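We did not get these values from a lab; they are worked out from the coordinates using the rules stated. The shown structure was predicted, so the numbers you read here are calculated from the model rather than taken from an experiment. Reconstructed Cβ throughout: ideal geometry from the backbone, glycine too, with neighbour counts over all protein chains shown.
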Amino acid sequence: MSRTRHLLGIVLAKENWRENDQIISFYSQESGKLEILVRGARKINSKLAPLISEPFALLDLVVAQGKNYTHLIGGEVKERFKNIITEEQKIIQTNTLLKRINQLIKPQLDKKIFLLILKFLKKINQIPLNKIRIINHAFLIKFLAFSGYCPEIKICLVCHQIPQGEEIIFNLEKGGIVCLPCQQAGLKYKLDDNQNNQQIKITKQTLNVLQKFLYQDFNSLIQQNFVQKDLQVAEKVIKLFFNWHLD
């Protein structure tokens, strides 16, 4: 193996490999996303297993490049987000989100994504359970934007004007909003929910929630009281938009 190097980052997902090994998806500050082989990770006496089993933590890993894989040699925990593991729903939702973004993350380094993941974990670690749905969905739409899939939610994709009406269409395929006059005029799109599941009707209030999720920081978002109906529709749009790109 070549000489070792240090990587500061976060485990996004793990999978078993062969009889006793594991491969971890690790997003690092220095190299972006890497797949790292952990030899003997599933053995009872493994010295490396406790390190990668540390849930929701910032890790300093020591790795070396082998012939086919980057290998984990050692490391230490730099910061624990231990409040996340005190509540089952926090564990489930946070773990699910990290696994999902792992499916979409590109291999190249993007320090904005590293900082976003770190800020997300720190905020989830701090806030009560009833606030995490706001941070979860804000995290997803920000992640999409940083990954090159930023939705157009300021102006209509057709007329390039700020929508004035109360009803707006979010088009998943085109990646943004279309004002109702353009939609009804038949400019490139059809207004038929039964035939086109790529389109979602939203209100101006829901659009405002989406804009806040994308452009405001986590601290500002948890201070706000969103109307539940608008919040639910915004969450639906974000989930569908994420799944669109994932599929």
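At-a-glance table
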{"quantity": "Alpha-carbon centroid distance for the pair region 125-162 / region 1-59, whole angstrom", "calculated": "30 Å"}
{"quantity": "Label-to-label distance, nm, for residues given as Ala145 and Gln126 (7 Å Cα→Cβ offset)", "calculated": "1.9 nm"}
{"quantity": "Residue-wise HN-Hα coupling along region 41-52, computed from phi with Karplus coefficients 6.51, -1.76, 1.60 (Hz; x: Gly, Pro)", "calculated": "4, 9, 7, 4, 9, 5, 7, 8, 4, x, 5, 7"}
{"quantity": "Amide H contacts of Gly74 (H built 1.01 Å from N, under 5 Å, at least 5 apart or other chain)", "calculated": "Val62"}
{"quantity": "Karplus-derived 3J(HN,Hα), 6.51/-1.76/1.60, for each residue of region 79-84, Hz, glycine and proline x", "calculated": "7, 9, 9, 6, 5, 5"}
{"quantity": "Nearest-20 debye value, region 127-247 charge dipole, Cβ charges on Lys, Arg, Asp, Glu", "calculated": "180 debye"}
{"quantity": "Mean-position separation - Cα centroids, region 87-121 and region 198-214, in angstrom", "calculated": "23 Å"}
{"quantity": "Among Ala64, Gly9, His160 the positive-end extreme of the charge dipole of the chain (Cβ point charges)", "calculated": "Ala64"}
{"quantity": "Packing-based exposure ordering (other Cβ within 10 Å, fewest first) of Leu48, Leu72", "calculated": "Leu48, Leu72"}
{"quantity": "Amide proton proximity set for Val158, modelled H, under 5 Å, gap of 5+", "calculated": "Cys179"}
{"quantity": "Whichever aspartates and glutamates have a C-alpha closer than 17 Å to that of Lys123, once near sequence neighbours (fewer than 8 apart) are set aside", "calculated": "Glu79, Glu87, Glu88, Asp217"}
{"quantity": "Stretch gain in nm, segment Lys43-Gln216, where the contour uses 0.36 nm per residue and the Cα spacing is subtracted", "calculated": "57.8 nm"}
{"quantity": "Rg to Rh quotient for the chain, alpha carbon positions, Kirkwood Rh", "calculated": "1.05"}
{"quantity": "Difference of contour (0.36 nm per residue) and Cα-Cα distance, Lys204 to Asn225", "calculated": "5.9 nm"}
{"quantity": "Binned Cα-Cα distances of region 5-80, short to long, each 5 Å bin given as a whole percent", "calculated": "4, 17, 31, 30, 14, 4, 0"}
{"quantity": "Over region 123-179: Kirkwood hydrodynamic radius from C-alpha pairwise inverse distances, Å", "calculated": "13.0 Å"}
{"quantity": "Helix axis angle, 204-215 relative to the chain longest principal axis, alpha carbon, degrees", "calculated": "30 degrees"}
{"quantity": "Computed E for Lys239/Val62 - FRET, C-beta separation, R0 25 angstrom, nearest 0.05", "calculated": "0.10"}
{"quantity": "Exposure proxy ranking, count of Cβ atoms within 10 Å, fewest first, for Arg5, Arg39", "calculated": "Arg5, Arg39"}
{"quantity": "Cβ-derived FRET efficiency at R0 45 Å, Ala185 paired with Ser53, nearest 0.05", "calculated": "0.20"}
{"quantity": "Relative counts (whole %) of C-alpha pair distances in region 197-247, using bins that are 10 Å wide", "calculated": "24, 53, 21, 2"}
{"quantity": "Furthest towards positive pole of dipole, Asn208, Phe218, Asn243, structure part region 127-247, Cβ charges", "calculated": "Phe218"}
{"quantity": "Cα-projected label distance for Lys78 with Glu35, points at 7 Å along beta-carbon direction, nm", "calculated": "2.5 nm"}
{"quantity": "Virtual spin-label span in nm between Leu109 and Gln89, 7 Å along Cα→Cβ", "calculated": "3.9 nm"}
{"quantity": "q = 0.10, 0.14, 0.18, 0.22 Å⁻¹, region 127-247: log10 I(q)/I(0) [Debye, one scatterer per Cα]", "calculated": "-0.29, -0.57, -0.92, -1.31"}
